[in-house]
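Notes follow once the structure below has been shown.
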Amino acid sequence: MNTKILALSTATEECSVALSINNKLYTRSEISPQQHAKKILPMVDEVLKEANVNLSEIDAIAYNRGPGSFTGIRIGVSIAKGLGFAENLPMVGISNLKAIAQSAYRQLGLTRVACAIDARMNEVYWGCFTHQEDGNWKEVDTECVISLGDLTKHLFNDKLIWGTAGTGWSTYPKKLGKFIKNYQNSQILYSQAQDIAYLAKFELLKGNATDAEQANPVYLRDIILKK
């Protein structure tokens, strides 16, 4: 699929931008807590200039829709919407949890990934994914925000090894570790914009793009699983 996808990710402490053109990547990334609003647009300008591409030539804008930092998500979605409105570009929102799984696969080849992002107050944003033959991911445990005490219903007793990724695993290693019998800690904390761009290609093929007005964040706070 020969497309030009501009991807933004500001839902975590890492701020990143990626421009994917026919599978060639132009990227910028920086760990910059509370600086995303200042960093993101200069990063966009830099990758466009490096690729010698104008915003009007982009086929779609992909954005990290969350879950994650409320402020970070709002910044990323707002800027993505602004860019989309400016050139009437299609928009694709990508799950931060799925993008973290893709990052674990890209860097370590993990094909079964349990993702947990620290949501504070002894809660995590939770999602589990398996890698498919076409390169996309299958969600095998519904994305949610859940208390650590309620994770018993998500216990994996199979003998297969699950990779783990996300800030939840570094924040609550012992508490989360008991919920999966066999796991490999990837040490991967964040997704990156290049993972957002990669996953956006599948959504575009399925016709799941929207216009800028319909581009919205997903906080998951209204999807709380309890006992």
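Only the coordinates and a few stated rules stand behind these numbers; no lab work does. Just so it is clear, the structure is predicted and the values come from calculations on it, not from any experiment. Here the Cβ positions follow ideal geometry from the backbone for every residue, glycine too, while neighbour counts run over all protein chains shown.
Bridges between two residues of the chain, per DSSP, are antiparallel at a rate of about 60%.
Label-to-label distance for Asn216 and Ser147 is 2.8 nm, based on points extended 7 Å past Cα in the beta-carbon direction.
Subtracting the Cα-Cα distance of Glu139 and Asn54 from their residue separation scaled by 0.36 nm leaves 27.1 nm. If both residues of a DSSP beta bridge must be in the stretch 97-185, then about 70% of such bridges are antiparallel. As a ratio to 2.2 N^0.38 Å, the alpha-carbon radius of gyration computed for the stretch 21-93 takes the value 1.10. Taking Cα centre as origin and charging only the Cβ of basic (Lys, Arg, +1) and acidic (Asp, Glu, -1) residues, the dipole magnitude of the stretch 97-185 rounds to 340 debye. Here the stretch 97-185 was treated as a single set of alpha-carbon atoms; its pair distances binned every 10 Å from 0 give 18, 57, 23, 2 percent.
The angle between the Cα long axis of helix 70-87 and the main principal axis of the chain comes to about 30°, on a 0 to 90 degree scale. Can you grab the distance from the C-alpha centre of the stretch 43-108 to the C-alpha centre of the stretch 123-141, Å, no decimals? If we compute the Cα centre of each part, the gap is 20 Å. The residues Val113, Val92, when put in order of fewest to most other Cβ atoms within 10 Å, stand as Val92, Val113. Seen through its C-alpha gyration tensor, with square-root eigenvalues sorted a ≥ b ≥ c, the stretch 51-160 comes out oblate because a/c lies at 1.5 or above while a/b is not bigger than b/c.
The ranking of Glu133, Glu46 from fewest to most other beta carbons within 10 Å of each one's beta carbon is Glu133, Glu46.
Quick one: of Lys24/Lys138; Lys81/Lys138; Lys138/Lys174; Lys24/Lys49; Lys4/Lys201; Lys98/Lys174, which pairs are farther than 18 Å apart, Cα to Cα? In this structure, Lys24/Lys138; Lys81/Lys138; Lys138/Lys174; Lys98/Lys174 exceed 18 Å between Cα atoms. Panel values: the chain, Kirkwood radius from alpha carbon pairs, Stokes-Einstein at 37 °C and 0.692 mPa s, translational diffusion coefficient 187 µm²/s. Listed from fewest to most Cβ neighbours within 10 Å, the set Arg112, Arg120, Arg74, Arg221 follows the order Arg120, Arg221, Arg74, Arg112.
Annotation: for a label point projected 7 angstrom from Cα along Cα→Cβ of Gln35, residues of the stretch 42-67 with backbone N closer than 17 Å are 42-46.
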